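Student: There's a structure below that I have some questions on.
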Amino acid sequence: MRLSLRDLTVHYGKRVALEGVKFDARGGEVVALIGPNGSGKSTLLRAIAGLQRHAGGVVVLEGATREAIGFMPQDTGARAALTVLETVLLGRRRALGWRVPGAELARAAEVLRQLGIATLAGRLLGELSGGQRQLVFLAQLLAAEPRVLLLDEPTSALDIRHTLSLLALVRELTRGRGLVTIIAIHDLNAAARFADRVALLCEGRLLAEGRPDGVLTEATIARAYGVHAHVHAAPDGHIAISPSHALGAA
Amino acid sequence: MADIDATSPEAIWHRLSARRGAAIATGLAVLLVCVTLDTATGPAMLAPSVVASAVMRLAEDPMVDAIVWSIRLPVALMAVAVGAALGATGAVMQTVLNNPLASSYTVGISAGAGFGAALVIVLGAALPVPEAFAVPVSAFLFAALACSCVWLLGGPRGATAETLVLAGIALMFLFQAMLAALQFIASPEALQQVVFWLFGSLQRATWTKLAVVAGILLAMAPMIMRDAWSLTALRLGEDRAAALGIGLLGLRLRALVFVALATGAAVAFVGTIGFVGLVAPHLARMLLGEDQRWLLPGSALAGALLLSAASVASKTIMPGALIPIGIVTALVGVPFFAWLVLSTRRVLS
């Protein structure tokens with residue numbers, strides 16, 4: 001399976017949100033989408049998911065249909081009086097009638113267990129913390145069994161333990177099932193550790209793309225973020241990024 | 001299988017479903033009591049047992065049989081049908097417009113119906129229907145027109161919840177202004193009729209009218225229930241619903257058609273009755289949550305209960321006098337609702 005973006009361009013009115021973005025993602029590969037605030041990460045994911053009209057370029061998905069794309073937007077739903085289980089079942093919406101078949105219920109329960117949140121099943125979304133809700137929405141996404149996972153900052157409200165286990169699970173699923181996974185994420189160390197490849201967006205353009213140690217260099221970080229960071233090899237072979245100060249600031 | 005582990009998601013789900021089923025069953029039982037009381041009260045008070053025997057056509061007194069079957073039952077059942085229509089449409093609108101204040105009253109559909117009714121009463125507009133049906137037909141048409149206008153005004157901008165709400169509110173003011181203009185030029189007799197129509201009254205109910213309202217509602221119910229999961233998804237936000245593969249435009253359009261027809265049918269025969277469409281969904285939501293498979297029938301039930309209870313109250317608050325139902329729903333309903341909101345948090349979990 002393969003997802004190809006060819007010269008993807010998106011306009012918001014006159015403002016150019018994305019321009020000429022092109023890269024390929026193969027099955028079994030986790031791509032971390034990084035970049036400063038407003039660089040177009042969410043727009044890119046929405047465009048791939050088919051929720052954002054693009055002014056130019058194409059999204060080509062080989063080996064799967066568009067229905068196989070699963071997109072997890074940033075946190076919403078806090079006001080809905082829905083239980084966790086209902087929320088996850090919505091991922092199986094197409095298979096449900098007024099009655100919820102036992103197999104569908106079992107599948108939703110299984111995903112909840114996989115993410116370690118089975119005990120939350122009867123709780124209302126509004127009662128959960130932001131991090132718990134992120135896990136619930138990941139469960140909803142996984143329940144739909146997508147072939148392409150598009151996650152928009154799935155760990156933004158998670159503690160480090162849950163961040164690590166969520167990313168490990170996503171990587172395991174991606175490799176085990178041959179999924180195409182693109183994660184928009186701010187945490188550069190998490191990107192370096194869990195992604196097979198990193199795509200760096202800056203002002204709507206793809207600034208760099210490739211293996212984490214090729215993209216996450218001191219020079220590109222300075223250029224994209226305006227930050228001085230020390231990049232070094234961690235004992236386990238991954239690279240580690242220690243930002244020290246904003247460039248141009250005291 | 002559910003007893004293996006009481007805290008498993010499956011067990012929680014079955015308990016939740018059982019609790020909701022019990023809530024609906026309780027509501028139905030209370031509704032039956034309300035309808036019985038509604039049939040029993042009036043100028044000639046009947047004992048519930050007499051009502052029961054008359055309903056089964058076992059009344060020995062032909063007078064009692066006539067009171068129950070010709071006068072009281074159509075009114076009592078009309079309260080149920082109209083209340084159900086207002087409750088269900090209120091729930092659909094609050095979900096689709098993502099706004100807890102939405103109801104047919106607040107987005108101009110009732111105002112449209114009121115204008116349509118007043119148009120016929122004041123100007124005697126010629127419609128190719130029997131005279132008794134001219135006012136309802138016009139009210140129905142204008143309710144549907146108001147709905148279409150909401151769509152046409154809010155639709156081109158993508159038909160988001162915000163544009164539709166704004167279009168609805170603008171429309172409400174427009175129809176109210178036109179209604180005021182009609183009242184301004186109306187003769188005193190016509191004016192009185194218009195005002196009375198706007199109060200809302202169940203007393204004009206007949207079996208024929210009841211059949212029309214109930215028929216439309218029952219015909220529309222499967223259509224909207226098929227969208228139950230999609231409507232539930234909409235509660236998670238437009239982006240997430242779209243990401244789940246739901247066509248938002250089509251869903252909104254189908255919902256609006258349901259609202260137009262069901263509201264139109266409801267208000268056409270009984271006049272504008274506020275409050276029920278706003279409050280019934282909130283009552284149902286507190287008890288059943290927002291899974292629309294439960295919320296929609298629950299809101300219909302809550303609406304039926306509210307209006308049936310209001311119908312009883314309208315006959316008993318001032319013995320001998322019949323207070324217009326539209327006044328009673330608000331006078332009795334508002335304090336009740338305020339108490340409910342202040343005294344209960346979510347009863348769901």
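The values are calculated or read from the model by the stated rules, or taken from the named source; none is laboratory data. As the structure is a prediction and not an experimental result, all values here were calculated from the model. Glycine gets a Cβ as well: all are built from the backbone with ideal geometry, and neighbour counts include every protein chain shown. Remember, those area values only see protein heavy atoms, side chains included, never the ligands or the DNA or RNA. Shrake-Rupley method; radii C 1.70, N 1.55, O 1.52, S 1.80 Å.
Student: Looking at the range A:7-123, what strands (runs of 3 or more DSSP E) fall wholly within it and have at least 1 residues that are within 12 Å of chain B (Cβ to nearest Cβ)?
Tutor: The strands (runs of 3 or more DSSP E) meeting that bar are A:69-72.
Per-residue answers, yes or no, for (1) open to solvent by 10 Å² or more (accessible area, probe 1.4 Å); (2) in a helix (DSSP H, G or I); (3) hydroxyl-bearing (S, T, Y):
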{"residue": "B:L251", "(1), (2), (3)": "no, yes, no"}
{"residue": "B:T263", "(1), (2), (3)": "no, yes, yes"}
{"residue": "B:A280", "(1), (2), (3)": "no, yes, no"}
{"residue": "B:L283", "(1), (2), (3)": "yes, yes, no"}
{"residue": "B:L295", "(1), (2), (3)": "no, yes, no"}
{"residue": "B:S299", "(1), (2), (3)": "no, yes, yes"}
{"residue": "B:P335", "(1), (2), (3)": "yes, yes, no"}
{"residue": "B:L340", "(1), (2), (3)": "yes, yes, no"}
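Student: Working only within the range B:47-78, note down all residues that are open to solvent by 30 Å² or more (accessible area, probe 1.4 Å) and under 23 Å from B:L322 (Cα atoms).
Tutor: Answer for the range B:47-78, where residues must be open to solvent by 30 Å² or more (accessible area, probe 1.4 Å) and under 23 Å from B:L322 (Cα atoms): B:A47, B:P48, B:V50, B:M63, B:D65, B:A66, B:I67, B:W69, B:S70, B:I71, B:L77.
Student: Related question: Checking B:T7 against (1) in a loop (DSSP other than H, G, I, E, B); (2) within 14 Å of chain A (Cβ to nearest Cβ); (3) surrounded by 17 or more Cβ atoms within 10 Å (Cβ to Cβ), which test does it fail?
Tutor: (3)
Student: With the condition kept exactly as written, say whether any residue in the range B:218-233 is part of a helix (DSSP H, G or I), more than 14 Å from chain A (Cβ to nearest Cβ) and open to solvent by 30 Å² or more (accessible area, probe 1.4 Å). Can you show your working first?
Tutor: First, pick out the residues of the range B:218-233 that are part of a helix (DSSP H, G or I): B:218-226, B:228-233.
Remaining after also requiring more than 14 Å from chain A (Cβ to nearest Cβ): B:218-220.
Now drop any that are not open to solvent by 30 Å² or more (accessible area, probe 1.4 Å), which leaves B:218-219.
Yes, there is a match, as at least one residue in the range B:218-233 is part of a helix (DSSP H, G or I), more than 14 Å from chain A (Cβ to nearest Cβ) and open to solvent by 30 Å² or more (accessible area, probe 1.4 Å).
Student: Quick test of your reading of the structure: B:A88 fulfils all but one of (1) surrounded by 15 or more Cβ atoms within 10 Å (Cβ to Cβ); (2) out of contact with any Asp or Glu (no Cβ under 7 Å at 6 or more places or on another chain); (3) closer than 30 Å to B:G320 by Cβ; (4) among the aliphatic types (A, V, I, L, M). Name the failing condition by number.
Tutor: It is condition (3) that B:A88 fails.
Student: Then there is this: With the range A:159-250 as the region, which strands (runs of 3 or more DSSP E) entirely inside it contain at least 3 residues that are open to solvent by 20 Å² or more (accessible area, probe 1.4 Å)? Lay out the reasoning, then the answer.
Tutor: Numbers: elements: A:180-184, A:197-202, A:205-210, A:227-233, A:239-246.
Passing ranges, in order: A:205-210, A:227-233, A:239-246.
Student: Taking A:A139, is it within 12 Å of chain B (Cβ to nearest Cβ), more than 18 Å from the chain's Cα centre (by Cα) and at pLDDT 95 or above?
Tutor: Here the answer is no, as A:A139 does not meet what is asked.
Student: Only one of A:E62, A:E67 is under 19 Å from the mean Cα position of the chain (by Cα), open to solvent by 30 Å² or more (accessible area, probe 1.4 Å) and among the acidic types (D, E); which?
Tutor: Unique residue meeting the criteria: A:E67.
Student: Continuing with the same structure: I'd like to check something: does the range B:263-281 contain any residue that is within 30 Å of B:H14 (Cα to Cα) and within 14 Å of chain A (Cβ to nearest Cβ)?
Tutor: Yes; the residues of the range B:263-281 include at least one that is within 30 Å of B:H14 (Cα to Cα) and within 14 Å of chain A (Cβ to nearest Cβ).
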